[in-house]
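Reviewing the structure listed below.
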Amino acid sequence: MKQAVGKRAAKGGAEKVPPVGRRERNKREKLDRILASARDLFAAKGFSDTTTQEIAERADIGTGTLFLYAKTKEDLLIMVFKDEMIETSQTAFRKVSPEAPLVDQLMQVFGAMVTYHSRDLPLARALIREITILANPDRREDVRSLMRIIYSGIGDIIAGSRSREKIRAGIDLALAGEALFGIYYIGLIGWLNGQITKQAFLKRLRAKLALSVEGLRVAPAEPATPARRTRNRKS
């Protein structure tokens, strides 16, 4: 009897996590082919010279099927970017030197992102143009999911250096991550727009991060003025 109950429980447990159906597997496989094809063609031909028809042909699907997954070529760009930047960011966070000063840690992470964009500047410009003001609201969650990873990753770096850097207690770490990323992002736009060289961008980024990190630290005790010392003696 116990064995029968055990078998039923095991069976019931298995039924709670049903296997992925053939239809879902096919959809996932098609999307993977589409993104791989778009990634390869963007790298080989550039974003502007790649057509959705070429992407569909390489993915071995019809153009109509392609548009079921992405409405525009710009949508595909964001979808490809999201996956690559998640991998880039997570790798950068894992490789951060744990004992390095906080500014150096942040520069390691942002430096990895700059290296990613440096591989194809025209593609990076097209990408930043698209994600700064999204033409398709359907891509908002793609961008949000990436930003959540980056903000929380920066927050974890700050938390890890709290005692070493004398970081104030009670700071909203995710908000601090968003603020520090914003500093990087504004500089990134300037570099991609040709307003500043890469070397100058990185130099100014370090200086801005140093100023911001200073604002996160516990304020040093204010030395007593002569008047204050006199009042203290009288009391």
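The values are calculated or read from the model by the stated rules, or taken from the named source; none is laboratory data. Here the structure is a predicted model, which is why all the values come from computation and not from measurement. Positions of Cβ are generated from backbone atoms using ideal geometry, with glycine treated the same way; all protein chains shown enter the neighbour counts. These accessible areas exclude ligands, DNA and RNA; they are computed on the full protein's heavy atoms, side chains included. Shrake-Rupley method; radii C 1.70, N 1.55, O 1.52, S 1.80 Å.
What size of dipole, in debye to the nearest 20, comes out for the chain about its Cα centre when the only charges are +1 on Lys and Arg C-beta atoms and -1 on Asp and Glu C-beta atoms?
The dipole magnitude comes to about 1300 debye.
Compute the distance in nm between two label points, each set 7 Å from the Cα along the Cα-to-Cβ direction, one at K45 and one at D120.
For K45 paired with D120, the spin-label model returns 1.2 nm.
Among A56, A207, A70, which one shows the biggest mean-square fluctuation in a GNM of the chain, springs joining Cα atoms closer than 10 Å?
A207
On average, how much accessible surface per residue is there in segment 72-218, in Å², for a 1.4 Å probe, leaving out ligands, DNA and RNA? Don't jump to the answer; show the numbers that get you there.
On the way: 7470 Å² over 147 residues.
I get 51 Å² per residue for segment 72-218.
At a Förster radius of 45 Å, what calculated FRET efficiency corresponds to the Cβ-Cβ distance of R129 and K95, to the nearest 0.05? Kindly include the intermediate steps, with their values, before the conclusion.
Values: r = 29 Å, r/R0 = 0.65.
Result of the calculation: an efficiency of 0.95.
Quick one: Debye curve from the C-alpha atoms of the chain, no solvent, what's log10 I(q)/I(0) at q = 0.12 Å⁻¹?
Debye curve over Cα of the chain, log10 I(q)/I(0) at q = 0.12 Å⁻¹: -0.82.
Could you work out how much longer the chain between N26 and A174 gets when fully extended? Use 0.36 nm per residue separation minus the Cα distance between them, nm to one decimal.
On the way: separation 148, 0.36 × 148 = 53.28 nm, distance 3.70 nm.
Answer, rounded to one decimal: 49.6 nm.
Just to check, using Stokes-Einstein with a Kirkwood Rh over alpha carbon pairs, what's the diffusion coefficient of segment 55-185 at 20 °C and 1.002 mPa s in µm²/s? Spell out each step's value before the answer.
Numbers: Rh = 16.3 Å.
The Stokes-Einstein estimate is 131 µm²/s.
Taking trypsin sites (Lys or Arg not before Pro) as exposed when DSSP calls them loop (any state but H, G, I, E, B) and at most 13 other Cβ atoms lie within 10 Å, what is the longest stretch of the chain free of them, the sites themselves excluded? Write down the numbers at each step before the final one.
Working: sites that count: K16, R119, K166, R168.
In the chain, the maximal stretch lacking such sites is 17-118.
Figure the gain on full extension for K203 and D156 (residue separation times 0.36 nm, minus the Cα-Cα span) and round it to one decimal in nm.
Length gained, K203 through D156: 14.5 nm.
Over the chain, with a Gaussian network built from C-alpha contacts below 10 Å, which listed residue (A169, A126, A179) shows the highest mean-square fluctuation?
The residue with the greatest mean-square fluctuation here is A169.
If I build a Gaussian network model for the chain, linking alpha-carbon pairs within less than 10 angstrom, which residue out of V80, V103, V218 has the largest mean-square fluctuation?
Comparing V80, V103, V218 in a Gaussian network model of the chain, the most mobile one is V218.
Go ahead and collect, in residue order, the members of segment 150-185 whose backbone nitrogen is under 14 Å from a label point 7 Å along the Cα-Cβ direction of L211.
Hits in segment 150-185 for L211 at 14 Å: 180, 183-184.
At what distance in nm do the modelled label points of E84 and E54 sit from each other, each positioned 7 Å from its Cα along Cα→Cβ?
Distance between label points: 1.5 nm.
For the chain, return all DSSP H helices satisfying: extent of Cα atoms along own axis at least 15 Å; mean Kyte-Doolittle hydropathy at least 0.0. Let's see the in-between values first.
Working: long enough: 2-15 (20 Å, -0.93); 22-45 (34 Å, -1.30); 73-95 (33 Å, -0.32); 102-118 (24 Å, 0.69); 121-132 (16 Å, 0.77); 140-160 (30 Å, 0.29); 173-192 (28 Å, 1.60); 198-216 (27 Å, 0.13).
The qualifying helices are 102-118, 121-132, 140-160, 173-192, 198-216.
Would you mind checking K30/K71; K27/K71; K45/K198; K45/K82 for any pair whose Cα atoms are more than 22 angstrom apart? Please list the in-between numbers first.
Working: K30/K71 15 Å; K27/K71 16 Å; K45/K198 24 Å; K45/K82 20 Å.
In this structure, K45/K198 exceed 22 Å between Cα atoms.
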